[in-house]
Amino acid sequence: MTSILKTLLRAPLSAQFGFAVILLYLLAALFAPQLAPYGETEVVGEGFAPWGGQFLLGTDNLGRDMFSRLIFGARNTLGIAFLTTLLAFLLGGLAGLVAAIRGGWVDQGLSRLVDILMAIPQLIFALLILSVVGTTATSLVLVIAVLDATRVFRLARAVAMTVVVQDFVEAARLRGEGLWWLVTREVLPNAAAPLIAEFGLRFCFVFLFISALSFLGLGIQPPTADWGSMVRDNAVLITFGDITPLLPALAVALLTVGVNFVVDWMLHKSSGLKEC
């Protein structure tokens, strides 16, 4: 724990800012019921009530407290985005490592399948599938994870290709080690740094993608609080010069910037370059 704190203290200000933002969002997600003054779906006043007084950031179109909805939105949006990114890495990362190690028809088959999926625009494909299977949380996670796994596959395969040609991997093959040993003991440890950095970037893409789907009505469904749908539900206020609809958008943008600051620092640190 002490070494982690020392590393964070030596990090540049941008990375420290990013870690602070991520920590703030994690606390909001974990302790949403304790931090929010009202319930997630509780109607507590008239629609579009102004800021101040009983409602710190006013109310939405149905009279629900905006501040409470923003806090609960952190739990819902971030939780689903994290699960989706994790599943995408399990599917795409493992498939990419196996394709690089096995080669031959396994590599060709998986690569061509990924090429076909990547040839279809991601947003259109997601809208099509979700409109058919429905927009439950489970279908949302599965559909986006499969689509994003194609991007993870390409990176994992490319990184693993530079590792499988090394002498220590060939020595493991000659010892008769199996596929699982090669993946977990030989290739993955030497490909972990770019994959970890990609996890942060991919989380941002998934996070933004879910918000976009929710804004279009095919993401996280009401009455569950979600930042994308909150922008859509309150967009009419912009006509009257009210910035309330921009608050969920600002929450999305701030987390994206914070994660990217941390990822940039991790990439720079893993590259072995000295700070200027």
Roughly how tilted is helix 122-133, in degrees to the nearest 10 and between 0 and 90, from the longest Cα axis of the chain?
70 degrees
Tell me whether the stretch 20-103 comes out rounded, prolate or oblate; compute the Cα gyration tensor, take square roots of the eigenvalues as a ≥ b ≥ c, and use a/c under 1.5 as the rounded threshold.
prolate
How would the stretch 88-129 be classified by its alpha-carbon gyration tensor: rounded, prolate or oblate, with rounded meaning a/c under 1.5 and the a/b versus b/c comparison settling the rest?
oblate
How large is ³J(HN,Hα) for each residue in the stretch 53-58, as worked out from phi by the Karplus curve 6.51 cos²θ - 1.76 cosθ + 1.60 (θ = phi - 60°), to whole Hz, x for Gly and Pro?
x, 5, 10, 4, 10, x
With θ set to phi - 60°, apply the Karplus curve 6.51 cos²θ - 1.76 cosθ + 1.60 along the stretch 7-23 and write out the HN-Hα couplings as whole Hz, x wherever there is a Gly or Pro.
5, 5, 5, 7, 6, x, 4, 4, 5, 5, 4, x, 4, 5, 5, 4, 4
Checked against the structure, the computed mean projected area of the Cα convex hull in nm² among (1) 13.4; (2) 17.5; (3) 18.4 is the one labelled (3)
Amide proton proximity set for T59, modelled H, under 5 Å, gap of 5+
F48, A49, M66
Using a 1.4 Å probe on the protein heavy atoms, what percent of the accessible area of the stretch 1-123 belongs to carbon and sulfur?
72 percent
Counting only chymotrypsin sites (Phe, Trp or Tyr not before Pro) that sit in a DSSP loop (anything but H, G, I, E, B) with at most 14 other Cβ atoms within 10 Å, what is the longest stretch of the chain containing none of them?
52-276
Residues of the stretch 1-149: accessible area per residue at 1.4 Å, in Å²?
53 Å²
Can you tell which of L201, L213, L24 shows the greatest fluctuation in a Gaussian network model of the chain with Cα springs below 10 Å?
L24
When the chain is fully extended, how far beyond the present Cα-Cα distance does E177 get from L86, taking 0.36 nm per residue of separation?
30.0 nm
Tell me the label-point distance for the pair Q16, L128, using the 7 Å Cα-to-Cβ offset, in nm and rounded to one decimal.
5.0 nm
What ³J(HN,Hα) values, in whole Hz, does the Karplus curve 6.51 cos²θ - 1.76 cosθ + 1.60 give for the stretch 261-266 when θ = phi - 60°, with x put for Gly and Pro?
4, 5, 5, 4, 5, 5
Specify whether the C-alpha gyration tensor of the stretch 127-276 places it in the rounded, prolate or oblate class, a ≥ b ≥ c being the square roots of the eigenvalues: rounded for a/c under 1.5, otherwise prolate if a/b is larger than b/c and oblate if not.
oblate
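The values are calculated or read from the model by the stated rules, or taken from the named source; none is laboratory data. Keep in mind that this is a model prediction, so the values were computed, not measured. Note: ideal-geometry Cβ built from the backbone for every residue, glycine included; neighbour counts use all protein chains shown. When the accessible area is computed, the model is the full protein with side chains, heavy atoms only, and any ligands, DNA or RNA have been set aside. Shrake-Rupley method; radii C 1.70, N 1.55, O 1.52, S 1.80 Å.
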